[in-house]
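Have a look at the structure below, then the notes.
Since every read-out is calculated from the coordinates, none of them should be taken as a lab result. Here the structure is a predicted model, which is why all the values come from computation and not from measurement. We place every Cβ from the backbone using ideal geometry, glycine too, and count neighbours over all the protein chains shown.
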Amino acid sequence: MMLLKRLVDNTGVVQMEMAFRPTPENEVWQADVACVSVARDAATGDDEYLMGSPELVVEVLSPSNTMDEILDRQGMCLANGCVSFWTVDPKRQILMVTTPDRKTIVFDRQSVVALPEPLNGSIEIAKVFSD
């Protein structure tokens with residue numbers, strides 16, 4: 001989250017455990033880390049949840065996650081406004097980036113990943129896994 005916050009400047013809002021409703025029919029979901037544009041954040045009332053998925057959703061794999069759950073979450077997010085869905089695998093120290101066309105690229109510790117709008121710049125993957 002801190003790596004993303006440094007790159008957002010005034011174009012986006014980065015938050016841990018960001019609550020949102022992918023569709024009006026869905027219950028409230030939470031992303032481990034997410035980024036949404038300032039305009040969408042401002043349009044969401046203080047007592048409301050973000051409607052649609054954040055532009056960037058980051059999910060960190062843990063023993064309690066199944067790949068089915070992650071893929072279901074990924075599909076729902078990408079179908080409802082998410083432009084980049086990141087799955088962080090701490091065990092393998094990789095980052096999987098999936099786009100709405102369902103293309104996934106796997107980045108390892110030696111890689112650098114470009115950030116989607118509204119973020120600018122890129123992140124060295126090794127920094128994601130550093131203590």
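Points worth noting:
- Space enclosed by the convex hull of the alpha-carbon atoms of segment 1-76, per residue, Å³: 97 Å³
- Point-charge dipole on Cβ atoms (K/R +1, D/E -1) for the chain, about Cα centre, debye to 20: 520 debye
- Here's how it looks for G121: its modeled amide H is under 5 Å from those of L115, which are all 5 or more places away or on a different chain.
- Angle of helix 67-78 to the longest C-alpha principal axis of the chain, folded into 0 to 90 degrees and rounded to 10: 50°.
- Cys residues of the chain counted as unpaired, since no other Cys beta-carbon is under 4.7 Å: C35
- For segment 2-128, fraction of C-alpha pairs farther apart than 20 Å, in %: 40 percent
- Residue range of the chain that is longest and free of trypsin sites (Lys or Arg not before Pro) which are both DSSP loop and sparsely packed (at most 13 other C-beta within 10 Å): 1-90
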